[in-house]
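Undergrad: Okay, here's the structure, questions in a sec.
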Amino acid sequence: MADGARRAEVVSAARGFANGTTMLIEIHGLTKRYGTFAALEDCTLGIGRGEVFGLLGPNGAGKTTLLRLLMGYLAPTSGGATIDGLDCHRQSVQVRRRTSYLPGEARLFRQMRGRQILQFFAEVRPGGDFQRSLELAARLELDLSRRVAFMSTGMRQKLALAATMAADTPLVILDEPTANLDPTVRGVVAQMVTEARQRGRTVLFSSHVLSEVEEVCDRVAFLRGGRLAHLQVMHDLKRRHRIRAVLAGPWQPPPERLGEELSIHRDDGGHVTIETPGALAPVLQWLSTMPLEEMNVQPVGLRALYDRVHDLGFG
């Protein structure tokens, strides 16, 4: 696919999510350059109220730059973004009042105890809720009697999560929220994110852990080299399957209507790989008419799509 066509497809998907959904975040041509280096280039997105939106990409892809631009910590080179109708650069203070932000490397007062940290953040910002933060800390199995200086990296991450998720804001931004956490606690964090969505909050979720992104996100944006490379609706991805089969006899082409939807690769040894974007039953019905020696059906999943976007290119 040509670059212009790919960009048009991405922009169309970015603007066309869920007809009737009110957008909380609107990003138009957002760019951040350092000299000739583009940390983020011409990013256009719309993120709805009550949506869990994932950001994926390798280190240096532009994820953290995008989050810092949204928070007003960086000035854009060109383009712009709004949160709840407020300009992220010119009205950054008002934006932060509506946003709970967990940075990738949260820094906490080392001489304070965990309980004091939660109380400080509950009192220092509008919408803070000390009791709520205590409840979240208990769910994360966090010992609040320790000083931050004597906490492990994982304990400090739990403390920062409890402080961030407790505030009553329309937007929550989580940059690598489960770094240094064990699998059990990661499951608790996923539940907290789901509960935030159920209360109508928007969650912007940046992570390298594909399984948790797949579990909690409604849509996912793939960033590559500072550019928006692909936008994926997770409901659609979960309908996609990859079928691997070995034929013991002649190949029967699919019905014309079905064949237009499928990606099919065959070799001379009778091995066939098929990717289907939609309903599986018609494909299996067609395959049942052929002499199959072996067949394996698997969901495509986020890992396969990630590899396709970042390792092999997309389109």
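Undergrad: Could you count how many residues in region 286-296 are among the charged types (D, E, K, R) and in a helix (DSSP H, G or I)?
TA: 0
Undergrad: For region 68-91, which positions are closer than 29 Å to THR153 by Cβ and either part of a strand (DSSP E or B) or of a type outside the set (A, V, I, L, M) (or both)?
TA: Of everything in region 68-91, those that are closer than 29 Å to THR153 by Cβ and either part of a strand (DSSP E or B) or of a type outside the set (A, V, I, L, M) (or both) turn out to be ARG68, GLY72, TYR73.
Undergrad: Select from region 46-63 the residues that are touching a residue at least 40 places away in the same chain (Cβ under 8 Å) and either over 22 Å from ASP307 (Cα atoms) or touching an Asp or Glu at 6+ places or on another chain (Cβ under 6 Å) (or both) and list them in ascending order.
TA: ILE47, GLY48, ARG49, GLY50, GLU51, VAL52
Undergrad: Please go through region 201-241 and pick out each residue that is in contact with a helix residue (DSSP H, G or I) (Cβ under 7 Å, 6 or more places away or on another chain) and among the charged types (D, E, K, R).
TA: GLU212, GLU214, GLU215, ASP218, ARG219, ARG224
Undergrad: Which residues, taken from region 37-66, are in contact with a Ser or Thr (Cβ under 8 Å, 6 or more places away or on another chain), assigned to a strand (DSSP E or B) and surrounded by fewer than 22 Cβ atoms within 10 Å (Cβ to Cβ)?
TA: Those that are in contact with a Ser or Thr (Cβ under 8 Å, 6 or more places away or on another chain), assigned to a strand (DSSP E or B) and surrounded by fewer than 22 Cβ atoms within 10 Å (Cβ to Cβ): ALA38, ALA39, GLU41, ASP42, GLY48.
Undergrad: Can you give me the number of residues within region 139-178 that are assigned to a strand (DSSP E or B) and either of a type in the set (Val, Ile, Thr) or open to solvent by 60 Å² or more (accessible area, probe 1.4 Å) (or both)? Lay out the reasoning, then the answer.
TA: In the first step, residues of region 139-178 are kept if they are assigned to a strand (DSSP E or B); the result is 147, 171-175.
Right, trim to either of a type in the set (Val, Ile, Thr) or open to solvent by 60 Å² or more (accessible area, probe 1.4 Å) (or both) and you get 147, 172-173.
The total comes to 3.
Undergrad: Check whether at least one residue in region 297-314 is in a helix (DSSP H, G or I) and β-branched (Val, Ile, Thr), and report yes or no.
TA: yes
Each row is one residue, and each column tells you yes or no for (1) over 21 Å from THR99 (Cβ atoms); (2) not polar (S, T, N, Q).
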| position | (1), (2) |
| --- | --- |
| ALA122 | no, yes |
| SER145 | yes, no |
| LEU159 | no, yes |
| ALA179 | no, yes |
| VAL185 | yes, yes |
| LEU204 | no, yes |
| GLY225 | yes, yes |
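Undergrad: On to the next question. Go through region 179-200 and count every residue that is out of contact with any helix residue (DSSP H, G or I) (no Cβ under 9 Å at 6 or more places or on another chain), part of a loop (DSSP other than H, G, I, E, B) and either at negative phi or not small (Gly, Ala, Ser) (or both).
TA: Summing the residues that are out of contact with any helix residue (DSSP H, G or I) (no Cβ under 9 Å at 6 or more places or on another chain), part of a loop (DSSP other than H, G, I, E, B) and either at negative phi or not small (Gly, Ala, Ser) (or both) in region 179-200 gives 1.
Undergrad: Separate question: Filter region 92-138 for residues that are assigned to a helix (DSSP H, G or I) and open to solvent by less than 60 Å² (accessible area, probe 1.4 Å) and give the result.
TA: SER92, VAL95, GLY114, ILE117, LEU118, ALA122, PHE130, ARG132, SER133, LEU134, LEU136, ALA137, listed by residue number.
Undergrad: Suppose we filter LEU144, LEU174, LEU161 for residues that are under 21 Å from PHE130 (Cβ atoms), in contact with a Phe, Trp or Tyr (Cβ under 6 Å, 6 or more places away or on another chain) and modelled with pLDDT of 95 or more; which single one remains?
TA: Values: LEU144 fails: in contact with a Phe, Trp or Tyr (Cβ under 6 Å, 6 or more places away or on another chain); LEU161 fails: in contact with a Phe, Trp or Tyr (Cβ under 6 Å, 6 or more places away or on another chain).
When all the criteria are applied, what remains is LEU174.
The values are calculated or read from the model by the stated rules, or taken from the named source; none is laboratory data. Predicted model, so just to flag it, every value in this text is computed and none were measured. Because the Cβ atoms are built from the backbone with ideal geometry, glycine has one as well, and the counts that use them run over all protein chains shown. Remember, those area values only see protein heavy atoms, side chains included, never the ligands or the DNA or RNA. Shrake-Rupley method; radii C 1.70, N 1.55, O 1.52, S 1.80 Å.
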